[in-house]
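Presented below is the structure to which this report refers.
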Amino acid sequence: MKQGFSIRMLLLFFTMSLLLTACGDDPPEPETGDNAAADDETVENDESDGNELFDYEDFPQTVSNTGDPTGEGTLNIGYSSSTPFEGTLNYNFYTGTPDMTMLGFFDESVFTSDENMQFTNEGAIHFDMNEEDSTVTFTVAEDVYWHDGEPLTIQDYVASYEVIGHPDYDGVRGTTDGFTLIEGYDEYKSGDADEISGIEVIDDDTAVFTYKELAPSLTSGGFWFYAFPEHHYEGVDIEDMASAPETRENPIGLGPYKVDSIVTGETISLTKFEDYWRGEPQLDGMEVSVIPPSSIANAMESGEIDVAASFPSTQFPDVHDMEGVEWLMQLQNSYGYIGFKLGEWDEENGQVDYKPDEMKMGDVNLRRAMWHAIELDAMGENFFNGLAWKASSVMSPVHEGFHKDDLDVPEYDPDEANRILDEAGYEDIDDDGFRETPDGEPLEISYLAMSGGDVAEPFANYLMQSWRAVGLHVRLVDNRLTEFNTFYDMVENDDSDIDIYEASWNVGTDVNPDQFYGADAPFNYTRYESDESTELLTQGNSQEALDIDRRIEIYDEWQELMIEEIPVIPTLNFSYVTPVSEDVMNWSEETGFDEETHLYRVGFSE
């Protein structure tokens, strides 16, 4: 699979930068409803009449209208969002998905990637790794220009590290391996050094970075993706850059289209950049507008827009037969999961305190039985019309080369769930319909679920009903769904009321799962860790794993361990849909660089 520009890759770059995201308008998790769900409420699990099922694999990822565009016209793109874009239009400083999306239409990564999200040397900057001395040489390609006509220099790339690593920088980036493994970066960030000792600029086009070690994550999202136009910000202090006119009013980039005008929060108008380094853009310009999700389908059907980015997948079943539109589908870079609280965060030592013997969900037999009790395929069909489906691993299929698809995971089997619980000593002693613990104590499992979205309440109730069907008394925390901010406050602070919780992870371009499951990862919300898991995660991002086949072996073993230990139940994988007008050429959602479907090749047919 190949890809040039796509909304999907923008989302992947974003999540690599922020690491954690479960908010905004990107809907990775099976959202939960706004209303309280009563304990004895039942949920119908049969398919409604006319509930048509879809499979993303039946849909293309690239439009069928490919070839040479007319070279004229303005492409109108609607970005579906209930949130206006803030207008922080530089990759070093933005924080929200809407801004990230707008940035992608006029700036671009200096690196390309293949179908496994591994960096390749077809971008504006090339890299050459030397394993013997742990260095990487970065070289600027010829004739690459900023939108103001200034040539791209290697100092523009170095400047990204100098800005993000500066003590006065208050953004969210600079904590990944691509930064922290550079010699002297930590001293620079702390203010103990005036420059990053591990970066040596050789000439206008070349720089050598020296790393403490060459981790495989460097080439899958570790190197910072973007150059920074240092000359454009001349005289602006770092602490003022995010709010400066250079960022909010007249931003520049390296992409095939340049900013003409901005209506903050609403619209960006772009015009062709004649000196784009790859070739002549095939449009006169683009108009990108934020459109509420409730209006996006009508805007597409009426011809107001030619492409709808971030289209709400839940609307697709009702409009899939829209005339004059080709529907593209692709995997979302996320998966849903049910997490079991197995410890607490040790703030003093900066690591998880895994103590399953003290936690209600510490028995792996209980966790395995709960997995057998839920019918995940049916959940994907009934709640998402087949656009979500059973997940079998905590490694997303977005990372196709690393996702182990033959894992022996617990299948839906209530009889097996009952057998496991019986043999583990969970019996209904008092004949109230619910099992007690092996010690004869009442077992009430508190379940934290998030509010928001049409399927929220029935989704949560379906899970509780499934667990109750095998005799487990599962109740919502406070007998209601919990709003987003409160939900994550409780999860992050290991609220004692939580036994299990349902959430999702957005994954980045780097397959490394340590950020979510490592012993020293604050985002390891289950607080699970083991010597074997830690060893495998360490090996997976070590120099031996620069051999991609070896890295796959390591992560295959780690995925098998997660199925044995069950700190989480992976629930659903998700797809997303993009409607494209039939007269638009070369638009693609495929993964991996392809010159023919790069943004500058998108245009109109006759």
Worksheet item: Among the residues of the stretch 248-267, is any polar (S, T, N, Q), open to solvent by 50 Å² or more (accessible area, probe 1.4 Å) and not assigned by the TED database to the domain that holds residue 91?
Response: yes
Item to complete: Give me a count of the residues in the stretch 63-95 that are open to solvent by 30 Å² or more (accessible area, probe 1.4 Å), of a type in the set (Ser, Thr, Tyr) and closer than 25 Å to residue 330 by Cβ.
Response: 5
Worksheet entry | the stretch 181-195 - residue that is touching a residue at least 12 places away in the same chain (Cβ under 8 Å) and over 22 Å from residue 134 (Cα atoms) and, of those, farthest from the chain's Cα centre (by Cα) | 191
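Residue check: is residue 210 buried (at least 18 other Cβ atoms within 10 Å of the Cβ) and closer than 19 Å to residue 140 by Cα?
Working: buried (at least 18 other Cβ atoms within 10 Å of the Cβ): yes; closer than 19 Å to residue 140 by Cα: yes.
The answer is yes for residue 210.
Only one residue in 164, 199 is surrounded by 21 or more Cβ atoms within 10 Å (Cβ to Cβ), at pLDDT 95 or above, in contact with a strand residue (DSSP E or B) (Cβ under 7 Å, 6 or more places away or on another chain) and not basic (Lys, Arg). Which one? Show your work before the answer.
Values: 164 fails: in contact with a strand residue (DSSP E or B) (Cβ under 7 Å, 6 or more places away or on another chain).
That would be 199, the only listed residue that is surrounded by 21 or more Cβ atoms within 10 Å (Cβ to Cβ), at pLDDT 95 or above, in contact with a strand residue (DSSP E or B) (Cβ under 7 Å, 6 or more places away or on another chain) and not basic (Lys, Arg).
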Worksheet item: Somewhere in the stretch 176-183, is a residue crowded, with 18+ Cβ neighbours inside 10 Å and in contact with a Ser or Thr (Cβ under 6 Å, 6 or more places away or on another chain)?
Response: yes
Worksheet item: Of the numbered conditions (1) over 21 Å from residue 348 (Cβ atoms); (2) touching a residue at least 12 places away in the same chain (Cβ under 8 Å); (3) more than 21 Å from the chain's Cα centre (by Cα); (4) open to solvent by 20 Å² or more (accessible area, probe 1.4 Å), residue 484 satisfies every one except a single condition; which is it?
Response: (3)
Worksheet item: Can you name every residue in the stretch 368-381 that is open to solvent by 40 Å² or more (accessible area, probe 1.4 Å) and more than 24 Å from the chain's Cα centre (by Cα)?
Response: 368, 375
Item to complete: Mind listing just one residue for me: the one in the stretch 307-324 that is farther than 18 Å from residue 83 by Cβ and open to solvent by less than 20 Å² (accessible area, probe 1.4 Å) and, of those, farthest from the chain's Cα centre (by Cα)?
Response: 322
Fill in: the stretch 146-194: number of residues that are outside any helix (DSSP H, G or I) and within 13 Å of residue 238 (Cα to Cα)
7
Worksheet entry | Given (1) in the same structural domain as residue 350 (by the TED database); (2) buried (at least 23 other Cβ atoms within 10 Å of the Cβ), index of the condition residue 556 fails | (2)
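Given the structure, is residue 529 in a loop (DSSP other than H, G, I, E, B) and under 30 Å from residue 310 (Cα atoms)?
Numbers: in a loop (DSSP other than H, G, I, E, B): yes; under 30 Å from residue 310 (Cα atoms): no.
No; evaluated as a whole, the condition is false for this residue.
This table checks each residue for (1) small (Gly, Ala, Ser); (2) touching a helix residue (DSSP H, G or I) at 6+ places or on another chain (Cβ under 7 Å).
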site	(1), (2)
381	no, no
396	yes, no
403	no, no
407	no, yes
413	no, yes
416	no, yes
419	no, no
Worksheet, complete the sentence: Here the qualifying pairs (Cβ atoms under 6 Å; residues six or more apart or on different chains; first in the stretch 64-91 and on the phi > 0 side of the Ramachandran plot; second surrounded by 15 or more Cβ atoms within 10 Å (Cβ to Cβ) and polar (S, T, N, Q)) come out as 71/282
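Give the residue that is farthest from the chain's Cα centre (by Cα), with candidates limited to residues of the stretch 563-590 that are assigned to a loop (DSSP other than H, G, I, E, B) and buried (at least 21 other Cβ atoms within 10 Å of the Cβ). If you could, list the steps in order and put the result at the bottom.
We begin by selecting, within the stretch 563-590, every residue assigned to a loop (DSSP other than H, G, I, E, B); these are 566-567, 582-583, 586-587, 589-590.
Okay, now just the ones that are also buried (at least 21 other Cβ atoms within 10 Å of the Cβ), so 566-567, 586-587, 589.
Working: 566: 22, 567: 21, 586: 25, 587: 21, 589: 15 Å.
Of everything passing the filter in the stretch 563-590, 586 is farthest from the chain's Cα centre (by Cα).
Out of the stretch 273-297, which residues are polar (S, T, N, Q) and either at pLDDT below 95 or outside the structural domain of residue 79 (by the TED database) (or both)? Don't jump to the end; show me each part of the working.
The first filter runs over the stretch 273-297 and keeps only residues polar (S, T, N, Q), leaving 282, 289, 294-295.
Passing the criteria: only 294.
Conditions (1) touching a Pro at 6+ places or on another chain (Cβ under 9 Å); (2) within 28 Å of residue 380 (Cβ to Cβ); (3) among the hydroxyl-bearing types (Ser, Thr, Tyr), marked per residue:
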position: 507; (1), (2), (3): yes, yes, no
position: 517; (1), (2), (3): yes, yes, yes
position: 536; (1), (2), (3): no, no, no
position: 547; (1), (2), (3): yes, no, no
position: 555; (1), (2), (3): yes, yes, yes
position: 561; (1), (2), (3): no, yes, no
position: 568; (1), (2), (3): no, yes, no
position: 597; (1), (2), (3): no, no, yes
position: 604; (1), (2), (3): yes, no, no
Worksheet item: What tally of residues in the stretch 199-211 results from selecting those that are free of Cβ contacts under 8 Å to residues at least 40 places away in the same chain and under 30 Å from the mean Cα position of the chain (by Cα)?
Response: 0
Worksheet entry | Complete set of residues in the stretch 409-433 that are outside any helix (DSSP H, G or I), open to solvent by less than 50 Å² (accessible area, probe 1.4 Å) and not small (Gly, Ala, Ser) | 409, 410, 426
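Is it true that some residue in the stretch 384-406 is among the hydrophobic types (A, V, I, L, M, F, W, C), open to solvent by less than 20 Å² (accessible area, probe 1.4 Å), touching a Pro at 6+ places or on another chain (Cβ under 6 Å) and outside any loop (DSSP other than H, G, I, E, B)? Steps first, please.
Of the stretch 384-406, the ones among the hydrophobic types (A, V, I, L, M, F, W, C) are 384, 387-389, 391, 394-395, 398, 402.
Subsequent filtering for residues that are open to solvent by less than 20 Å² (accessible area, probe 1.4 Å) retains 387-388, 391, 394-395, 398, 402.
Filter again for touching a Pro at 6+ places or on another chain (Cβ under 6 Å), leaving 391, 394.
Now restrict to residues that are outside any loop (DSSP other than H, G, I, E, B): none.
No, the stretch 384-406 contains no residue that is among the hydrophobic types (A, V, I, L, M, F, W, C), open to solvent by less than 20 Å² (accessible area, probe 1.4 Å), touching a Pro at 6+ places or on another chain (Cβ under 6 Å) and outside any loop (DSSP other than H, G, I, E, B).
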Worksheet entry | Single residue of the stretch 100-130 satisfying the filter (of a type outside the set (A, V, I, L, M) and more than 19 Å from residue 221 (Cβ to Cβ)) that is nearest to the chain's Cα centre (by Cα) | 105
Worksheet item: Would you pick out the residues in the stretch 298-310 that are in contact with a strand residue (DSSP E or B) (Cβ under 8 Å, 6 or more places away or on another chain) and modelled with pLDDT of 95 or more?
Response: 299, 300, 301, 303, 304, 305, 306, 307, 308, 309
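The values are calculated or read from the model by the stated rules, or taken from the named source; none is laboratory data. Remember, predicted model here, so these are calculated numbers, not experimental data. Every residue, glycine as well, gets a Cβ built from its backbone with ideal geometry; the counts of neighbours run over all protein chains shown. Just so you know, the surface numbers come from the protein's heavy atoms only, side chains and all, with ligands and any DNA or RNA stripped out. Shrake-Rupley method; radii C 1.70, N 1.55, O 1.52, S 1.80 Å.
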